[in-house]
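Here's the structure we're looking at; comments come further down.
The values are calculated or read from the model by the stated rules, or taken from the named source; none is laboratory data. Here the structure is a predicted model, which means the values were calculated and not measured. Every residue, glycine among them, receives a Cβ derived from its backbone with ideal geometry; neighbour counts consider all protein chains shown.
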Amino acid sequence: MSVEAKRLTRDLMAARLAAEFEDGWVVNLGVGMPTRCSDFVPEDRTIIFHSENGVIGYGRNATVEEATPYVVNGGAQPVLLTPFASIVHHSDAFAIIRRGLLDVAVLGAYEAAANGDFANWRISGRKGGGIGGAMDLAVGARQVFLLLEHTTRDGRPRLLERCALPLTAAGVVTLVMTDLGLFEPAGDSFRLREIAPGFTVDDVQQLTGAPVVPAADLSEVTV
Amino acid sequence: MESKVVASFEEAVAGVEDGSSILVAGFGEPGSPHNLVAALYEQGATELTLIANGAGMTRDDGVITTGNLVEEKRVRRVVLAFTASTHPSRRTPLEELNEAGEIEAQITPQGTLAERIRAGGAGIPAFFTPAGVGTEVAEGKEHREFGGRTYVLEEAIVADYALIRCWKADTFGNLVFRRSQRNFNPIMAMAADCTLVEAEEVVEVGELDPDLIHTPGIFVQRVVSIPEAGGILQAPPLAMFSGRPRS
């Protein structure tokens, strides 16, 4: 690994994943890193951001000056409304999810597995947890994208053959963005579509708990 | 028609008995009934059941939360979508008591929580949902297949009280919420025997357009005007950014 190689920043990860959103998609962004994605929508597209608290059609994160105590996203952070925004109550926000209207839910995770399982609600050794809307989103949205750091703070892989932590949902993840690249769960391995500049496939493999198979058209992550 | 407006938050929560079940609305800052929660904290009721999105956090900006009730061991049971902080490094009083076995903490997916409350307010005892199937939260519950997909049976929630925050109320208790302040508020208002409301403004009956009312006054028992009762209109705004305002 080159000494200069730097992992992708959180903003770069969010921007790269936001580039996957197609014009007109209805997208839910989970608490944590995913809520950054609404700051990076490509200019040629309109994305309808949906949040669990009933905001349908929010936009980028608000500045301190723009923030109001009335409009927050699913991470409870102030956001701006789009001109086409509408508001529903919490139960209807989840009706939209179960009804199948979400094109994608972008969620944070503690672990992502090659078989499409993921775990994001309870860490090892704890009794309580934070499910939030993740279980509803995971089974309601057409696709689930994950946005997470490739390794834990003490360097252990978060991308695994199978999850060790209690699952949020089984077999639903279609795309995984980490600070080392863009991956697709492929059953027993992760297909590496794009790699962080300065890293080799071997570098990524060493930091991954499942086989990493580079795509034939593997490229560097660019935004 | 007799007005439902009472003069103070203390008066609104005066009858809350020990052992009550209480729905607490709000998602983040918007729609959080800070003044009613603070009044409940002062009132002293104990052995409570709290149903809310989350209830673990205490704050250091002077705002009293349900976390303070938990910390003082006045809550014996919670039903929440978050029973621990989303930041693994932060520990809440709820987590400590949960791990010590001093509180019963039921975690439920947020959409299931919302629908359980909606069902309670709609007179539906239970419903099937796909959320949580195959995970710990569905263990021990009835499962059934519909159209080739497996669903889990979840039961409705009703409660003795709901603590509600709205933008405008009239003296009959008709309520209007502003933007994402709505969240759990309308469904919780319908699911409680006694719904207590703190309103940013109270107007006379006839001033709200009937077509634009979110919660009909027949679901509301008491209303407090936040400005007239000297309450907090909003918590310090920077608290909303979790330390990361956009520049």
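What the table below lists for this structure:
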quantity	calculated
A:T208 hydroxyl-bearing (S, T, Y) and touching a His at 6+ places or on another chain (Cβ under 9 Å)	yes
The listed residue being out of contact with any His (no Cβ under 7 Å at 6 or more places or on another chain) and within 30 Å of B:E11 (Cα to Cα), out of B:R182, B:R165	B:R165
Subset of segment B:219-247 that is at pLDDT below 65 and in a loop (DSSP other than H, G, I, E, B) - its residue that is farthest from the other protein chains (Cβ to nearest Cβ)	B:G243
Test for B:A114: is it without any contact (Cβ under 8 Å) to a residue 40 or more places away in the chain, under 20 Å from the mean Cα position of the chain (by Cα) and within 9 Å of chain A (Cβ to nearest Cβ)	no
Contacts under 7 angstrom Cβ, first residue in segment B:200-229 being surrounded by fewer than 15 Cβ atoms within 10 Å (Cβ to Cβ), partner among the β-branched types (V, I, T) and outside any loop (DSSP other than H, G, I, E, B), 6 or more apart	B:L212/B:V176
Matching residues, segment A:74-88, being touching a residue at least 40 places away in the same chain (Cβ under 8 Å), among the aliphatic types (A, V, I, L, M) and out of contact with any strand residue (DSSP E or B) (no Cβ under 6 Å at 6 or more places or on another chain)	A:A76
Condition check for A:G171: in contact with a strand residue (DSSP E or B) (Cβ under 8 Å, 6 or more places away or on another chain), within 14 Å of chain B (Cβ to nearest Cβ) and modelled with pLDDT of 95 or more	no
Selection status of B:E154, closer than 20 Å to A:L137 by Cβ, in a strand (DSSP E or B) and either charged (D, E, K, R) or within 18 Å of the chain's Cα centre (by Cα) (or both)	yes
Residue in segment A:45-55 that is surrounded by the fewest Cβ atoms within 10 Å (Cβ to Cβ), counting only those that are within 18 Å of the chain's Cα centre (by Cα) and in a loop (DSSP other than H, G, I, E, B)	A:I47
Listing of helices (runs of 4 or more DSSP H) fully contained in segment B:1-103 that carry 1 or more residues being within 21 Å of B:M188 (Cα to Cα)	B:9-13, B:34-43, B:66-71
Qualifying positions in segment B:118-162 - basic (K, R) and within 14 Å of another protein chain (Cβ to nearest Cβ)	B:R118, B:K141, B:R149
Members of segment A:167-198 that are in a loop (DSSP other than H, G, I, E, B), under 17 Å from the mean Cα position of the chain (by Cα) and not hydrophobic (A, V, I, L, M, F, W, C)	A:T168, A:G171, A:D179
Residues within segment A:56-67 that are basic (K, R) and crowded, with 23+ Cβ neighbours inside 10 Å, tallied	0
